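Notes for the one structure printed next.
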Amino acid sequence: GEDVEQSLFLSVREGDSSVINCTYTDSSSTYLYWYKQEPGAGLQLLTYIFSNMDMKQDQRLTVLLNKKDKHLSLRIADTQTGDSAIYFCAESISNNDMRFGAGTRLTVKP
Amino acid sequence: GAVVSQHPSWVICKSGTSVKIECRSLDFQATTMFWYRQFPKQSLMLMATSNEGSKATYEQGVEKDKFLINHASLTLSTLTVTSAHPEDSSFYICSAPNQGPEAFFGQGTRLTVV
């Protein structure tokens, strides 16, 4: 079966960059996503990248996609305490099939 | 971005009763909506795909008679947990795609069955 895998925890200091990594197994993925979930809340779409792109940048967020290695990363520049949350990587093969990783809990220390 | 609203945000019910959760797309029409379940510290698991005007499609292992889905209009899907039991306690989240590749999520409903 296909899986999306992420490391479970990441801790950084305020002001540093955070890099959250994700691997997926389905090469037919069309879009890859990063979502943020704060405690007790739903998922907030941060960004997404089409599978034929290598990189996408949006303000403090940079997404890198290595399709050959099926590796996706999210870099948050100048990480703030408000960035503390769980970050989910997800892949979409069709509109009806979206698979999520287990989520990476990012802790930002002052 | 588009807004998806879920109601209620949390609910506590007694074993054996039924609970209805609503998912609304506020500023766009959604012919398809998705229902997920999330256990503590775990990822989202797709339960079913709600289709406006037709029957919902359930994932393997999800009891369709227990989790009733009705896509009443282009902006509303409901999930009814029938004869709820404590093991049904979970965080339920809906999402709706808005034409493009983005899927927007509701704020989730925490169900506690006592």
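Derivation of every value follows stated rules applied to the coordinates shown; laboratory data play no part. Quick caveat: nothing in here was measured; it's all calculated off a predicted structure. Note that each Cβ is placed from the backbone with ideal geometry, even for glycine, and that neighbours are counted across all protein chains shown.
So what J values fall out for region B:34-46 if you push phi through Karplus, 6.51 cos²θ - 1.76 cosθ + 1.60 with θ = phi - 60°, rounded to Hz, Gly and Pro as x?
Each residue of region B:34-46 in turn: 10, 10, 10, 10, 10, 8, x, 6, 10, 7, 7, 10, 5 Hz.
Can you list the aspartates and glutamates whose alpha carbon is less than 13 Å from that of A:K36, not counting same-chain residues fewer than 8 positions off?
Result set, ordered by chain and number: A:D83.
Determine ³J(HN,Hα), in whole Hz, for all residues of region A:44-55 in sequence, where each value follows from phi through the Karplus function 6.51 cos²θ - 1.76 cosθ + 1.60 and θ = phi - 60°; x replaces Gly and Pro.
With coefficients 6.51, -1.76 and 1.60, one gets 10, 5, 8, 6, 8, 9, 6, 5, 9, 9, 9, 8 Hz.
Name the residue from A:G42, A:Y31, A:S84 whose Cα lies farthest towards the positive end of the charge dipole of chain A, charges +1 on Cβ of Lys and Arg and -1 on Cβ of Asp and Glu.
Of the candidates, A:S84 comes out farthest on the positive side.
Report, as an integer, the average count of C-beta atoms from other chains found within 10 Å of each Cβ along B:32-42.
Mean shielding count: 2.
Please give me, ordered by residue number, the GluC sites (Glu not before Pro) of region B:47-114 that lie in loop per DSSP and have at most 10 other Cβ atoms within 10 Å.
B:E63
Could you give the size of the charge dipole of the protein assembly as shown about its Cα centre, using +1 on the Cβ of each K and R and -1 on the Cβ of each D and E, expressed in debye and rounded to the nearest 20?
The dipole of the protein assembly as shown has a size of about 320 debye.
Which values, in whole Å and largest first, are the semi-axes of the equivalent ellipsoid of region B:41-114 obtained as the square root of 5 times each eigenvalue of the Cα gyration tensor?
After diagonalising the Cα gyration tensor, the semi-axes are 21, 16, 12 Å.
If you plug each phi of region B:104-112 into the Karplus form 6.51 cos²θ - 1.76 cosθ + 1.60 with θ = phi - 60°, what whole-Hz ³J(HN,Hα) values come out, in order, with x for Gly and Pro?
After applying 6.51 cos²θ - 1.76 cosθ + 1.60, I find 9, 9, x, 7, x, 10, 8, 9, 10 Hz.
Within a 10 angstrom radius of the beta carbon, how do A:M53, B:M33 rank from fewest other beta carbons to most?
A:M53, B:M33
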